[in-house]
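Have a look at the structure below, then the notes.
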Amino acid sequence: MSEPAKPIKVALLGCGTVGTEIVRLLTEQAPDLASRIGAPVELAGIAVRRLGKARPGVPAELLTTDAAELVTRPDVDVVVEVIGGIEPTRTWLIDALRAGKSVVTANKTLLAEHAGDLFAESDTFGGDLYFEAAVAGAIPLLRPLRESLAGDRITRVMGIVNGTTNFILSAMDETGAGYAETLEEAARLGYAEADPTADVDGYDAASKAAILASLSFHTRVTAGDVYREGISAVTPADVSAARALGRTIKLLAICERVDTPDGESVAVRVHPAMIPRTHPLAGVNGAFNAVFVEAEAAGQLMFYGQGAGGAPTASAVLGDLVAVARNLVVGGRGPRESAYADLPVRPIAQASTRYHISLDVADRAGVLAAVAAVFAEHEVSISAVRQEGRATDASLVIVTHSAPDAALRSTVDKIAGLPFVHEVVSVMRVEGEES
Ligand code: NDP
Ligand code: HSE
């Protein structure tokens, strides 16, 4: 008779929203997980900040506040990190990898800054590094990019990767309410965190965009390389202007491979944008996430599902844990960092998109012609114009063809200084349409 398989021992760092669900799923699904892996999985310890906190369903005897000791303990095979932040998490994961452990993490902030450091330790010491839950929660997205599409050439990734901001923008679109009151509602319903800055200012989406771009273009992209704008400046007027033109506003993460005469480069940006209401991303509402991937041979692919929440995120973490544990049982390795292409990252000034510009102007002869002349002077081509008179003033909406960011900014700066332009009400990018 063969020996029973040695258990895979897991150190869990963090037992909050996600960690609690990992403990629950590990416990409830233990027999199935053992069959899928070929060995049982056992929790070796759980690092938290507050030992005294009530944690129903979590074995109290496994709790510790000494994460540094836990990650290098000789009996631990895999470290699963769901604490978040950069330090001390980075140090603990580096120590774990140096001790030969495999690591599974949901920490996009850390990966968007230090994936290279972690992969280097993983390479040197042989442990795996998996992080499916770091982008778009439950949605299987990173594994398709890292593995299923490894034989293809990805050209563009565009998606909604932050549930909080998508909830807010969807609600503003549905109710016509303002940003501040919708944010309060999101907090009341538990979607927005006590400090929503990382979500509403686009930092969370920028970290995710950096991870997506790195995997898609085999290039190391960090959060600092990502152009970022949040949603706090989106007004009900923007939302209704979008609606009037058959569009809706979404916070998009866009990662593009750009071919220029100088060679290939990568452009990565996060900002609110108007998209046609007929676009598949326009129907992604509430806290859901969705990501469009375009690859040369595969064509267009769309990934959709729950981008946050304890159980959905724990599902992605456990998928990684099963992969890592299988590798330990049969002796394989997961994918390593692939940054061989090392493409330059383009500054936003060189990015080209369509724009929707809304102006409040004097309603008199020659105004439209003068505004149009400024666009022409900066070689920004106009695609559509809509004007609505209001007594002596008029609301003037101009939609451009695709234009470089720098040219558009110079155009708007000059228009803002014209004597008959009372206000530049909004400037927003338009995505998901032919240029
Ligand atoms: P929580 O804030 O709910 O939980 C964090 C956990 O980490 C808590 O158990 C906390 O301990 C513990 N912790 C914090 N600091 C320390 C420390 N210094 N030493 C030991 N333990 C510590 O976070 P979430 O579960 O929401 O998120 C965890 C990770 O998952 C983050 O990286 C997040 O970005 C990522 N993620 C989260 C998603 C979500 O929907 N929540 C979705 C996708 C990814 P204590 O319980 O004692 O306070
Ligand atoms: N705060 C994030 C969101 C959690 O709203 O999408 C998932 O990463």
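Taking Cα centre as origin and charging only the Cβ of basic (Lys, Arg, +1) and acidic (Asp, Glu, -1) residues, the dipole magnitude of the chain rounds to 460 debye. For the peptides 12-20, 177-185, residues were scored by their other Cβ atoms within 10 Å and the scores averaged per peptide; the highest-first order is 12-20, 177-185. Applied to the range 152-164, the Karplus parametrisation 6.51 cos²θ - 1.76 cosθ + 1.60 on θ = phi - 60° returns per-residue 3J(HN,Hα) values of 10, 10, 7, 10, 7, 10, 9, x, 9, 10, 10, x, 4 Hz, with x for Gly and Pro.
Taking the range 231-378, how much of its Cα-Cα pair set, in percent, is spaced more than 27 angstrom apart? Considering the range 231-378, 49 percent of its Cα-Cα pairs are separated by more than 27 Å. Quantify, in whole percent, the carbon and sulfur part of the accessible surface of the chain (1.4 Å probe; protein heavy atoms only). Exposed carbon and sulfur together represent 52 percent of the surface. Heavy atoms of the protein chains alone define the surface here; on that basis the chain has 42 Å² accessible area per residue at 1.4 Å probe size. For the chain, the tally of Lys pairs with Cα-Cα distances below 19 Å comes to 4, considering only residues 8 or more apart or on different chains. Based on the alpha-carbon gyration tensor of the range 142-306 and its eigenvalue square roots a ≥ b ≥ c, which shape applies: rounded if a/c is under 1.5, prolate if not and a/b is larger than b/c, or oblate? Note, shape of the range 142-306 comes out prolate. Adding -39500 (n - 2.57) for every DSSP H run of four residues or longer, then dividing by how many residues the chain holds, sets the calculated 222 nm ellipticity at -10500 deg cm²/dmol. In order along the range 286-293, the Karplus-derived 3J(HN,Hα) couplings, from 6.51 cos²θ - 1.76 cosθ + 1.60 at θ = phi - 60°, round to x, 8, 6, 10, 7, 9, 9, 10 Hz, and Gly and Pro are given as x.
Scaled against 2.2 N^0.38 Å for its residue count N, the alpha carbon radius of gyration of the range 348-430 is 1.02.
Note on the range 1-68: Cα-only Rg and Dmax are 13.3, 45 Å.
For the range 254-325, GluC sites (Glu not before Pro) meeting the loop criterion (DSSP other than H, G, I, E, B) and having at most 16 other Cβ atoms within 10 Å: 296. The equivalent ellipsoid of the range 388-435 has semi-axes of 23, 15, 7 Å, largest first, where each one is the square root of 5 times an eigenvalue of the Cα gyration tensor. Spin-label pair residue 388-residue 414: with each label point 7 Å from Cα along the Cα-Cβ axis, the two points sit 2.9 nm from one another. Computed from Cα atoms alone, the Kirkwood hydrodynamic radius reported for the range 285-346 is 15.2 Å.
The phi torsions of the range 56-64, fed into the Karplus equation with coefficients 6.51, -1.76 and 1.60 and a -60° offset, translate into couplings of x, x, 9, x, 4, 5, 8, 6, 8 Hz, rounded to whole numbers, with Gly and Pro shown as x.
Spin-label pair residue 350-residue 197: with each label point 7 Å from Cα along the Cα-Cβ axis, the two points sit 3.2 nm from one another. Summarised as an ellipsoid, the chain has semi-axes of 46, 23, 17 Å, derived from the eigenvalues of the Cα gyration tensor scaled by 5 and square-rooted, with the largest first.
The values are calculated or read from the model by the stated rules, or taken from the named source; none is laboratory data. Because the structure is predicted, anything quoted here is derived from the model rather than measured. So basically every Cβ, Gly included, is an ideal-geometry build from the backbone, and we count neighbours across all protein chains shown. We work out accessible area using only protein heavy atoms, side chains counted, and drop any ligands, DNA or RNA first. Shrake-Rupley method; radii C 1.70, N 1.55, O 1.52, S 1.80 Å.
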